[in-house]
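Asker: So that we are looking at the same thing, I have put the structure below in structure tokens.
The values are calculated or read from the model by the stated rules, or taken from the named source; none is laboratory data. Note that the coordinates shown come from a computational prediction; the quantities given were computed from them, not determined experimentally. For neighbour counting, all protein chains shown are included, and Cβ atoms are generated from backbone atoms with ideal geometry for every residue, glycine included.
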Amino acid sequence: MAQVRVTRKERFNAAHRLHNPDKSDAWNRETFGKCNSANFHGHNYTLEVTVVGEPSPDTGYVIDLAELKSIMHERVIDIVDHSNLNLDVPFLDGVMPSTENFAVAIWQQLEGHITGGRLASVRLIETDKNSVEYCGE
Ligand code: NI
């Protein structure tokens, strides 16, 4: 059976700050540099969600991409867009909003809500040069 990977890309922007309250201010400054800036900073994120499965004999789709778009908006984008990731997002409560942790949290938001195929990867691009990928392991 042909297993095909299907990807939908969405963009959003959000503010965050990397700060570990269990560590000293000096440790935080040294570890996170500008990302520790007290008044937060923003990113234009790109989120790529990949679903894998066999194309339906009726539609030829693994998942209708319009449906994947809606799921991504409902479960993630509409919650995080124009937000402060440290303060505003319930599913990141108590989570250090590094790109790594954010990608895992997005996976958890999406898992079980995908209506065709199965979730294969969450790729979160924070800058042109920095991105992470989580595949559920
Ligand atoms: Ni940052």
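Asker: Only one residue in Val95, Val49, Val76, Val62 is part of a strand (DSSP E or B) and hydrophobic (A, V, I, L, M, F, W, C). Which one?
Answerer: Val49
Asker: Quick check: is even one residue across the stretch 13-22 among the basic types (Lys, Arg) and part of a strand (DSSP E or B)?
Answerer: no
Asker: If you scan the stretch 22-49, which residues turn out to be farther than 27 Å from Asp88 by Cβ and of a type outside the set (Asp, Glu)?
Answerer: Across the stretch 22-49, the qualifying residue is only Ala26.
Asker: Please determine, by comparing only the residues of the stretch 103-112 that are hydrophobic (A, V, I, L, M, F, W, C) and without any contact (Cβ under 8 Å) to a residue 60 or more places away in the chain, which one is nearest to Gly42 (Cα to Cα).
Answerer: Ala103
Asker: On to the next question. Within the stretch 97-108, can one find any residue that is among the aliphatic types (A, V, I, L, M), within 16 Å of the ligand (Cβ to nearest atom) and more than 17 Å from Phe12 (Cα to Cα)?
Answerer: no
Asker: Follow-up question, since we're still on this one. Being part of a strand (DSSP E or B) and among the aliphatic types (A, V, I, L, M) is the filter here, so list the residues in the stretch 98-137 that pass it.
Answerer: Result: Leu119, Ala120, Val122, Leu124, Ile125, Val132.
Asker: Which residue is farthest from Ile79 (Cα to Cα), if the candidates are limited to the stretch 116-130 and must be in contact with a helix residue (DSSP H, G or I) (Cβ under 8 Å, 6 or more places away or on another chain), more than 16 Å from the ligand (Cβ to nearest atom) and modelled with pLDDT of 95 or more?
Answerer: Leu119
Asker: Within the stretch 36-91, how many residues are over 20 Å from Phe12 (Cβ atoms) and touching a helix residue (DSSP H, G or I) at 6+ places or on another chain (Cβ under 6 Å)?
Answerer: 1
Asker: Looking at Asp64, Asp58, which one is over 21 Å from His113 (Cα atoms), away from the ligand (no atom under 16 Å from the Cβ) and surrounded by fewer than 17 Cβ atoms within 10 Å (Cβ to Cβ)?
Answerer: Of the residues listed, the single one that is over 21 Å from His113 (Cα atoms), away from the ligand (no atom under 16 Å from the Cβ) and surrounded by fewer than 17 Cβ atoms within 10 Å (Cβ to Cβ) is Asp58.
Asker: Let me ask something additional. If you check Arg11 against the conditions, is it surrounded by 12 or more Cβ atoms within 10 Å (Cβ to Cβ) and more than 11 Å from the ligand (Cβ to nearest atom)?
Answerer: no
Asker: Here's a check for you: in the stretch 82-137, which residue that is hydrophobic (A, V, I, L, M, F, W, C) and in contact with an Asp or Glu (Cβ under 6 Å, 6 or more places away or on another chain) is farthest from Glu54 (Cα to Cα)?
Answerer: Val132
Asker: Kindly evaluate Leu87 against the criterion of being more than 24 Å from Lys129 (Cα to Cα), of a type outside the set (Phe, Trp, Tyr) and away from the ligand (no atom under 16 Å from the Cβ).
Answerer: no
Asker: Looking at the structure I just gave you, is Ala26 small (Gly, Ala, Ser), surrounded by fewer than 12 Cβ atoms within 10 Å (Cβ to Cβ) and within 16 Å of the ligand (Cβ to nearest atom)?
Answerer: Spelling it out, it is not the case that Ala26 is small (Gly, Ala, Ser), surrounded by fewer than 12 Cβ atoms within 10 Å (Cβ to Cβ) and within 16 Å of the ligand (Cβ to nearest atom).
Asker: Considering each residue of the stretch 29-39, count those that are within 20 Å of Val132 (Cβ to Cβ) and surrounded by 12 or more Cβ atoms within 10 Å (Cβ to Cβ), and give that number.
Answerer: 4
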